[in-house]
Each structure stands twice: as structure tokens, then as C-alpha cells.
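**Q** Mind looking over this structure? Questions follow.
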Amino acid sequence: MAGDPAMDIQIRTITEEDTAAFDRSLERAFGQQWTDEERRAERAIFEIERNLGAFDGTEIVGTAGAYSLTVTVPGGSVPMAGVSAVGVQPSHRRRGVLTKLMRRQLEDIREAGGEPIAGLWASESSIYGRFGYGMAAPVAAFEIERDRSAFLRPHEPEGRIRMVDKDEALKECPAVFDRVVTERPGMWARSDIWWEHSLSDVERWREGASALFFALHESAHGIDGYAMYRIKPEWKDGLPANQVRVREQIAETPEAYEDLWRFLFGIDLTKQVEAWPRPVDEPLLWMLAEPRRLDFKIHDGLWIRLIDLPVALAARHYSVEDSMVFDVRDPLCPWVGGRYALDVGPEGAECRPTDRSADVVLEAADLAAAYLGGVRFSLLRRARRAEGDPATLRRADAMFGWDPLPWCHEVF
Ligand SMILES: CC(C)(COP(=O)(O)OP(=O)(O)OC[C@H]1O[C@@H](n2cnc3c(N)ncnc32)[C@H](O)[C@@H]1OP(=O)(O)O)[C@@H](O)C(=O)NCCC(=O)NCCS
């Protein structure tokens, strides 16, 4: 009934008996009806003991879950609670149910230990900042008319493209992916079950386009890149107007990168090529004759929440040796807030609570945003989200900055 306070809502971990009600609540929250095929695909990656239900009496009215992922950070990787399946039924919205779920989930992750950060993709960018999540790895999308996609420079292909079916893609792509994932902060490692899931190609996920096509790039060194894409068929006034939807393009070398994009821009019967999610430091912008035609847009992608701040900060590498004291505000998770000294020396990084005076004052969400090297502290200061002397913030920028920029390749 409208007006019921959220205090009547009980949060608990779901059990096998709750899964149908859990799914139903999530479907209602997202306004979707899953097919059996989709349910099977989701079940394969589901970690039931990591999923919470918000119960109004015996009915589940809200949900929040997590996957056990490992995400690349600059120079290393850390376990990450990959938060997902978050939803509150329209009948119970804006009564604090999500807030209860988020608090409980963050406490659970902290108590379980082992995951110094949580991460998520948000349906709306307004939702998670209040829970201490920061925009750590923005993503880009582009959409280009094929007849405006000429490259600036002439090109001799370095390798060849081989089109394969899904079984062969499942055999060949993971090795390429595994070599790339360690280089790029924000990417998470794909286990075998996640590969199966990512390529499960559920009908509804195709949104009217074809099943996935797979193209491998083979050079003298073997397979060093691949692309997965769909075709949305279209004929207009007797003319072909297909759209190529690039789901994933992964390349180990600049040569494979160029060959694969030239292949994707060259597919016959195509009017337009679109790709999402792409890294914000997309080299294509510097390779095309008309970069503006890419219609390159950036928005939030992976959001990060610090759970164990000293462990998280010590787990990554830094671009220069230096020391910095952060005063971190975190009303939601008081165990995260406090003053910390980060000392980066030749042996690596150490992060400890300190009484030293602060160089940088900011909220936990903003330190999380800077964690993967995706945003500079100087920029956060101009956004009035970090305080500190400009010269000191530039030193912090030099410490945290990393190449390549963070990117998350897939929604979880
Ligand atoms: C997003 C969602 C889970 C929020 O649940 P909820 O129980 O209504 O959230 P709460 O009542 O705890 O809201 C907490 C605060 O966040 C704000 N908020 C919540 N969802 C918001 C949204 N989508 N946009 C803007 N503000 C939002 C509330 O207004 C409230 O602010 P206040 O404390 O200043 O009043 C719910 O709207 C939903 O299920 N939406 C559809 C599915 C979805 O988008 N899920 C998220 C997937 S990543």
C-alpha cells in the first residue's frame, strides 16, 4: 500500500525457493518479461548466496545481487563485487527500499572480506552517487555512416580476417581477451561460464538484429584480435541500408586494431556502423579522414565503490613515486572514511591511516572515480569535488594517471 514505511521491509539473502519470486520482482522493476532462454542464460552465472531480497511480508518487492569478478587496476587486478540485479517494484518505489538494500549489501561485502571494491553499471546515472559510487571508467559510443568512414592514411593489411562460427570463437577469442584484459584498467576477467553467457546470444538481446558474427584477425604471430557484431537488416527504396552493430572489438596490436575496423567499415550492404561500449581513448578518432563523423559520445560506464580503501589503494601501481595524504569523507560507510597516507616507493604502494595533515580532501565516491586513473584530481577540483592546493593536486594526477585509460568492455 502506498505510504508504507521501508522499516516494514526485511532484507535477507534469498534461497533456492525464492528464485522465481526474485526474478518476478526484477522483471517488474525493469518492465521486462524474460523468456525461458534468457532465464537459463542468467541462471548459469547466478551466485544465489550473493543475492538479497527485500521482503514486504512474504513478497519480494526489491532485489540486489552481486557477481564475484576480478577487475584490472593499473598494474594489477583486484577482486570486485560486481553489483547487479538491482530493482524495486513500481509498487514500492521511493520509500527507501533501495537504500536499505545498498546499505546491507555494502556491509555484507565488507564482512565477507576479500573484495576491496564494488563495481556496477547503472541504468540511470542519478542512482548510485549517493551510495558512494564514483564514475571510474566512462565509456564511449559511436555511430558512423559507412560512406564517411574513410581512413586518413593508406594501408596495407598486416594480417587476414577469418570468419568463424561461435564454437571456434569460443575456442580462439578467450586467449586474445586474456592478454588484453591485464593491460586495461576497468576490464574484468571473463571466466568460461561468463564466455558462454556473453555469447549466449539470447533472441531478445539481439533487438531485431542478427545473431552474432565472429571475425578473427590472424597475423604472423597468430590470432591477435577479433570482432563480434550483429547486422540489423534494412532495405529502403530498394537500396541496402544495413546497420553493423559492433558488440566487441578487441585487438592486441595497432595493426590488428586497424585491420579489424577496416573490415567492419567495409562490409557490403551497410549504411551505418555503430559500436558500444568503446574506450574513451579510441584510436579511431585519430585515424579517420573525418573524425567528427564518428559522432563519438561519452557517458558513465563502470562505477566503483571503495570498500577497503587501504587495500584497494595499495593494490594498484602508480606512475610516479610520491606521498600524498587523503582526507576521505564517507557518511554511508564510516569504516571507509578517514585520513590516509599513500606512500609510493620503489617497492610498491602502502596506504595507512595517518594523523598527518591532508593534501587532498574529497568524498569516497570521488576517490573511487580517480582510482583507475580515469579522472584527474585537478579536474575534480574544478568540478568542486576535491579540495587541495593546485600544485599538490597535479602531483596526485601524476601518481594516479595511467595509460591506457580505464574502460569496461561489458555490462554485468
Ligand atoms: C532505481 C530504483 C532501484 C530505486 O529504488 P527506490 O527504492 O525507489 O530508491 P530509494 O527510495 O531508496 O531512493 C533513495 C534515493 O535515491 C533517489 N532515487 C532513486 N532512484 C532514482 C532514480 N532512478 N533517479 C533519481 N533519483 C533516484 C530517491 O529519490 C531517493 O532520494 P532521497 O533520499 O533524496 O529522497 C528503482 O527506481 C527501480 O527499480 N528502477 C527500475 C530498475 C532500475 O533502474 N534498477 C537499477 C539498475 S542499475
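**Q** Specify which of the listed residues (A369, A349, A358) is surrounded by 24 or more Cβ atoms within 10 Å (Cβ to Cβ) and outside the structural domain of Y128 (by TED's automatic domain parsing).
**A** A369
**Q** Restricting the first residue to the range 276-291 and requiring it to be free of Cβ contacts under 8 Å to residues at least 40 places away in the same chain, which pairs with a second residue that is assigned to a loop (DSSP other than H, G, I, E, B) meet a Cβ separation below 8 Å and a spacing of at least six or different chains?
**A** Pairs found: L285/F296.
**Q** Return only the number of the condition from (1) closer than 30 Å to E248 by Cα; (2) touching a residue at least 60 places away in the same chain (Cβ under 8 Å) that V336 does not satisfy.
**A** Going through the list (1) closer than 30 Å to E248 by Cα; (2) touching a residue at least 60 places away in the same chain (Cβ under 8 Å), V336 breaks only (1).
**Q** While we're on this one: Can you go through E290, E207, E255 and tell me which one is surrounded by 15 or more Cβ atoms within 10 Å (Cβ to Cβ) and of a type in the set (D, E, K, R)? Steps first, answer last, please.
**A** Numbers: E290 fails: surrounded by 15 or more Cβ atoms within 10 Å (Cβ to Cβ); E207 fails: surrounded by 15 or more Cβ atoms within 10 Å (Cβ to Cβ).
The unique qualifying residue is E255.
**Q** Does at least one position in the range 104-124 carry a residue that is buried (at least 21 other Cβ atoms within 10 Å of the Cβ), aliphatic (A, V, I, L, M), closer than 29 Å to V180 by Cα and near the ligand (Cβ under 8 Å from one of its atoms)?
**A** Within the range 104-124, one or more residues are buried (at least 21 other Cβ atoms within 10 Å of the Cβ), aliphatic (A, V, I, L, M), closer than 29 Å to V180 by Cα and near the ligand (Cβ under 8 Å from one of its atoms).
Rundown of residues vs (1) hydroxyl-bearing (S, T, Y); (2) in contact with a Phe, Trp or Tyr (Cβ under 6 Å, 6 or more places away or on another chain), yes/no style:
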{"site": "E347", "(1), (2)": "no, no"}
{"site": "R356", "(1), (2)": "no, no"}
{"site": "V361", "(1), (2)": "no, no"}
{"site": "Y371", "(1), (2)": "yes, no"}
{"site": "D389", "(1), (2)": "no, no"}
{"site": "A396", "(1), (2)": "no, yes"}
{"site": "M399", "(1), (2)": "no, yes"}
{"site": "D403", "(1), (2)": "no, no"}
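**Q** Looking only at residues that are basic (K, R) and modelled with pLDDT of 95 or more in the range 201-244, which one is farthest from E274 (Cα to Cα)?
**A** Of everything passing the filter in the range 201-244, R206 is farthest from E274 (Cα to Cα).
**Q** Mind checking which residues of the range 87-111 are part of a helix (DSSP H, G or I) and under 23 Å from the mean Cα position of the chain (by Cα)?
**A** Result: L98, T99, L101, M102, R103, R104, Q105, L106, E107, D108, I109, R110.
**Q** So the check is Cβ under 7 Å with 6+ separation or different chains; which pairs have a first residue in the range 24-42 that's in the same structural domain as V86 (by TED's automatic domain parsing) and a second one that's within 13 Å of the ligand (Cβ to nearest atom) and aliphatic (A, V, I, L, M)?
**A** Between residues of the range 24-42 that are in the same structural domain as V86 (by TED's automatic domain parsing) and residues that are within 13 Å of the ligand (Cβ to nearest atom) and aliphatic (A, V, I, L, M), the close pairs are S25/I60; S25/V61; L26/A85; A29/V88.
**Q** May I ask you to verify whether S84 is part of a strand (DSSP E or B), among the polar types (S, T, N, Q) and within 11 Å of the ligand (Cβ to nearest atom)?
**A** Here the answer is yes, as S84 does meet what is asked.
**Q** Please give the number of the condition T72 fails out of (1) hydroxyl-bearing (S, T, Y); (2) touching a helix residue (DSSP H, G or I) at 6+ places or on another chain (Cβ under 8 Å); (3) within 14 Å of the ligand (Cβ to nearest atom).
**A** Condition (3) is where T72 drops out.
**Q** Could you please give the count of residues in the range 29-60 that are under 22 Å from E124 (Cα atoms), crowded, with 19+ Cβ neighbours inside 10 Å and within 13 Å of the ligand (Cβ to nearest atom)?
**A** Of the residues in that region, 3 qualify.
Here's the yes/no breakdown for (1) part of a loop (DSSP other than H, G, I, E, B); (2) acidic (D, E):
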| site | (1), (2) |
| --- | --- |
| A365 | no, no |
| A369 | no, no |
| L379 | no, no |
| D397 | no, yes |
| P404 | yes, no |
| C408 | yes, no |
| V411 | yes, no |
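**Q** List every residue pair whose Cβ atoms lie under 7 Å apart, where the two residues are 6 or more positions apart in sequence or sit on different chains, the first residue falls within the range 74-85 and is closer than 14 Å to A137 by Cβ, and the second residue, located anywhere, is within 16 Å of the ligand (Cβ to nearest atom) and of a type outside the set (A, V, I, L, M, F, W, C).
**A** Listed by first residue and then by second, the contacts come to M80/G119; G82/Y67; G82/G119.
**Q** Also, quick follow-up: State the number of residues belonging to the range 141-170 that are surrounded by 13 or more Cβ atoms within 10 Å (Cβ to Cβ) and either among the aromatic types (F, W, Y) or under 18 Å from I267 (Cα atoms) (or both). Break it down into steps so the answer makes sense when it comes.
**A** Going through the range 141-170, the residues surrounded by 13 or more Cβ atoms within 10 Å (Cβ to Cβ) turn out to be 141-146, 148-149, 151, 157-159, 161-162, 164, 166, 168-170.
This time we only want the ones that are either among the aromatic types (F, W, Y) or under 18 Å from I267 (Cα atoms) (or both), so: 142-146, 148-149, 151, 157, 159, 161-162, 164.
Counting residues in the range 141-170 that are surrounded by 13 or more Cβ atoms within 10 Å (Cβ to Cβ) and either among the aromatic types (F, W, Y) or under 18 Å from I267 (Cα atoms) (or both) gives 13.
**Q** Let me confirm something: among G186, G208, G225, which residue is closer than 30 Å to M80 by Cα and in a loop (DSSP other than H, G, I, E, B)?
**A** Among G186, G208, G225, only G186 is closer than 30 Å to M80 by Cα and in a loop (DSSP other than H, G, I, E, B).
**Q** Something else about it: Within the range 228-246, which residues are in a strand (DSSP E or B) and of a type in the set (A, V, I, L, M, F, W, C)?
**A** M228, I231, W235, L239, V244, V246
**Q** While we're here: Could you please find all residues in the range 224-249 being of a type in the set (D, E) and crowded, with 21+ Cβ neighbours inside 10 Å?
**A** Once the filter is applied, which keeps residues that are of a type in the set (D, E) and crowded, with 21+ Cβ neighbours inside 10 Å, the range 224-249 yields only D224.
The values are calculated or read from the model by the stated rules, or taken from the named source; none is laboratory data. Note that this is a predicted model, so its numbers are computed, not measured. Using ideal geometry, Cβ is built from the backbone for each residue, glycine included, and neighbour counts are taken over all protein chains shown.
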